[in-house]
Amino acid sequence: MTAAVFFGCAFVAFGPALALYIFTIATEPLRIIFLIIGAFFWLVSLLLSSFIWFMAATLTDNKDEPRQRDLLIFGVLISVLIQEMFRFAYYKLLKKSSEGLKSINPVSGLGFGIMSGVFSFVNTLSDSLGPGTVGIHGDPPQFFLNSAFMTLVIILLHMFWGIVFFDGCEKKKWYTLLVVLLTHLLVSALTFISPYSGLNLVLAYIILVLTGIWAFFVSGGSCRSLKLCLLCQDKDSLLFNQRSR
Amino acid sequence: MLTFMASDSEEEVCDERTSLMSAESPMPRSCQEGRQGLENGEGAAQWRGQESEEDHEEDPDRYVCSGVPGRPPGLEEELTLKYGAKHVIMLFVPVTLCMIVVVATIKSVRFYTEKNGQLIYTPFTEDTSSVGQRFLNSVLNTLIMISVIVIMTIFLVVLYKYRCYKFIHGWLIMSSLMLLFLFTYIYLGEVLKTYNVAMDYPTLLLTVWNFGAVGMVCIHWKGPLVLQQAYLIMISALMALVFIKYLPEWSAWVILGAISVYDLVAVLCPKGPLRMLVETAQERNEPIFPALIYSSAMVWTVGMAKLDPSSQGALQLPYDPEMEDSYDSLGEPSYPEVFEPPLPGYPGEELEEEEERGVKLGLGDFIFYSVLVGKAAATGSGDWNTTLACFVAILIGLCLTLLLLAVFKKALPALPISITFGLIFYFSTDNLVRPFMDTLASHQLCI
């Protein structure tokens, strides 16, 4: 509950997204605009899902805890569904307005991801700056760090989902959309199990790695290009090495 | 209000009505430039009119050269999109900065959220017992405020029509003096109080004097563009803070709504005061007198064939955006003028002679955007989500307005779309999204 926690958690959660923004998006004004549009679409989807949850909650008007929790789970699932629907709508908008879709694939997912991460974490973050002790009533003291990592995983996942989703739409592979939806549902459902065990975090990261690999191959990467990148070589030198063998 | 800005520059040799690119270019927005003003030192004129289309025929060279041969149309389109995007970003950045300053101040300095009386323009109090009475009072406050603004604007238009330039300039100078010295002094005092930093009077005097004097010079005379932009952002933020402090809750929201409607009417109706102002300025071929206008004009000429001294002068002179007296009027509340850039490969010139037209937005728009976001930050019960939602909504509104500008190519009001989105998102986020997100956070669920 100090500046250290604040900055630490802020950078854990938003550092990679900020780096991605600075290196890939900030240079191109068009991408910044698409980023903001993506954030807007996510916001509208959240609005819609909150509205539905709110209506359901006021209509049932039941105050006991399990019913509230059920309603909340219903709200979460509806929210995931609506988010994916809006991702599709966003794809349609981008398709209509820009031919060079390939270059803005990561931007779309990042727009969603940043907005999602910010909305879920920023209030917690601002509380961490103030006085207090975490876990004084028996809750785990790593609350802030857990939330930060969860936010990070969500942001990166949204970006990968964006890439895979758009590619699926472009190539008309509709099963891809279904897989993205199911993965999203899975990650959200993972948070239903006790947040204190950290298991959901580990599973979410495993899903992140898998989705990342999928997105990498979908966007044209290959083992060879990865090797080129890691060894800091260009294509010719690799070819040369192979030929000389 | 959004309008186009022409470039000053190489065309002053030709007649002043040139500078229209050919309509045959696939992206019409790239073709538009404004008329040229010939004011000495005032630089480019800003107003493009639809009527300048007849210039196409008069200028066969431009007509022919505009669609650069050999360039595929898709590339033209993409370039125009990129150019347009650059100008959108040129507006995003200052609007964002202004909002950041306002939100940071609101969240840290308690002075601006304390209720310490009201302006005389909103005489009805909101401390009433019943909801209906409160609503009625806020509507009455709004009516008074809007009528004050309307009267002030009409007064300004009348003064302009009868060429009382000295009076207008004097008025503008008085109001920017007040903003730059008095409000800055108060702001500095409150910030120092919040952070418990002691400052002696001589230092204070020196600081405020320097700040204010440089501000006056930059805004009303010549100065580096960046400095002028920074000063405009600061005075817009100061003005917005004053409104946030002194406007009562409900009145503020109703006023925001009403001023968007007024903006729409004033800019688009044939007899609207702002439209008449624009048309008068166009008739006289003057830049609309540069009050309350943020200009991001990056006018640069690289490797220019003929150096033109007057355009050089124009390069430094910023559009003197001046703050009107804050209590009297918001001046042109929505005076955003957006200027369209030409395509690179501007007809007839080499690429180097290209000038970046900038984008202009009225300071009134800055102020009201910041008022909306600041109010969201002040009253959102410590909630950042509402503030962020309003911020994104306003940026999207601005984006849409610029898109419309590209389509319609005439002066457009910048307030309505953004403020509407902002209001919708404020109320819905505060009442619907916030409980949802709070409940999710308390159960540590993730969507």
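The values are calculated or read from the model by the stated rules, or taken from the named source; none is laboratory data. On a predicted model such as this, the values are computed, not experimentally measured, just so you know. So basically every Cβ, Gly included, is an ideal-geometry build from the backbone, and we count neighbours across all protein chains shown.
A few comments on the model shown:
- Being exposed (fewer than 15 other Cβ atoms within 10 Å of the Cβ), closer than 30 Å to B:THR113 by Cβ and aromatic (Phe, Trp, Tyr) is a property that holds for B:TYR201.
To keep it simple, each residue is scored yes or no on (1) of a type in the set (Ser, Thr, Tyr); (2) in contact (Cβ under 8 Å) with a residue 40 or more places away in the chain; (3) surrounded by 14 or more Cβ atoms within 10 Å (Cβ to Cβ).
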{"site": "A:TRP174", "(1), (2), (3)": "no, no, no"}
{"site": "A:THR183", "(1), (2), (3)": "yes, no, yes"}
{"site": "A:VAL187", "(1), (2), (3)": "no, no, yes"}
{"site": "A:LEU190", "(1), (2), (3)": "no, no, yes"}
{"site": "A:VAL202", "(1), (2), (3)": "no, no, no"}
{"site": "A:ILE206", "(1), (2), (3)": "no, no, no"}
{"site": "A:GLY212", "(1), (2), (3)": "no, yes, yes"}
{"site": "A:ALA215", "(1), (2), (3)": "no, yes, yes"}
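- First in the stretch B:85-112 and touching a residue at least 24 places away in the same chain (Cβ under 8 Å) and closer than 19 Å to B:GLY364 by Cβ, second anywhere and polar (S, T, N, Q) and not in a helix (DSSP H, G or I), Cβ under 6 Å, 6 or more apart: B:MET90/B:SER296
- Of the criteria (1) touching a residue at least 24 places away in the same chain (Cβ under 8 Å); (2) over 18 Å from A:GLY212 (Cα atoms); (3) within 11 Å of another protein chain (Cβ to nearest Cβ), which one A:LEU157 fails: (2)
- Here A:ILE163 passes the criteria (1) within 16 Å of A:GLY220 (Cα to Cα); (2) surrounded by fewer than 21 Cβ atoms within 10 Å (Cβ to Cβ) except the one numbered (2).
- Residue identified as away from chain B (no Cβ under 12 Å) and modelled with pLDDT of 85 or more among A:SER128, A:SER120: A:SER128
- Which numbered condition A:ASP139 fails, given (1) closer than 27 Å to A:PHE74 by Cβ; (2) in a helix (DSSP H, G or I): (2)
- Of all residues in the stretch B:257-307 being among the β-branched types (Val, Ile, Thr) and not in a helix (DSSP H, G or I), the one that is modelled with the highest pLDDT: B:ILE293
- Screening the stretch B:404-437 for residues that are at the interface with another protein chain (Cβ under 10 Å from one of its Cβ atoms) and more than 16 Å from A:MET115 (Cα to Cα) and picking the one that is nearest to the chain's Cα centre (by Cα) gives B:PHE421.
- Residues being within 20 Å of A:ILE155 (Cβ to Cβ) and either in contact with an Asp or Glu (Cβ under 7 Å, 6 or more places away or on another chain) or of a type in the set (Val, Ile, Thr) (or both) - total across the stretch A:39-74: 1
- Selection from the stretch B:375-396 of residues that are in contact (Cβ under 8 Å) with a residue 24 or more places away in the chain and at the interface with chain A (Cβ under 10 Å from one of its Cβ atoms): B:ASP383, B:ASN385, B:THR387, B:ALA389, B:PHE391, B:VAL392, B:ALA393, B:LEU395, B:ILE396
- A:ILE22 vs. criteria at pLDDT 90 or above and surrounded by fewer than 15 Cβ atoms within 10 Å (Cβ to Cβ): yes
- Boolean, B:ILE447 is assigned to a helix (DSSP H, G or I), within 12 Å of chain A (Cβ to nearest Cβ), of a type in the set (Val, Ile, Thr) and under 26 Å from A:GLY113 (Cβ atoms): no
- Test: residue in the stretch A:191-204 that is away from chain B (no Cβ under 14 Å) and either more than 15 Å from B:CYS446 (Cα to Cα) or assigned to a helix (DSSP H, G or I) (or both): yes
- Hits in the stretch B:122-145 (condition: among the acidic types (Asp, Glu) and either touching a Leu at 6+ places or on another chain (Cβ under 7 Å) or over 11 Å from B:TRP250 (Cβ atoms) (or both)): B:ASP127
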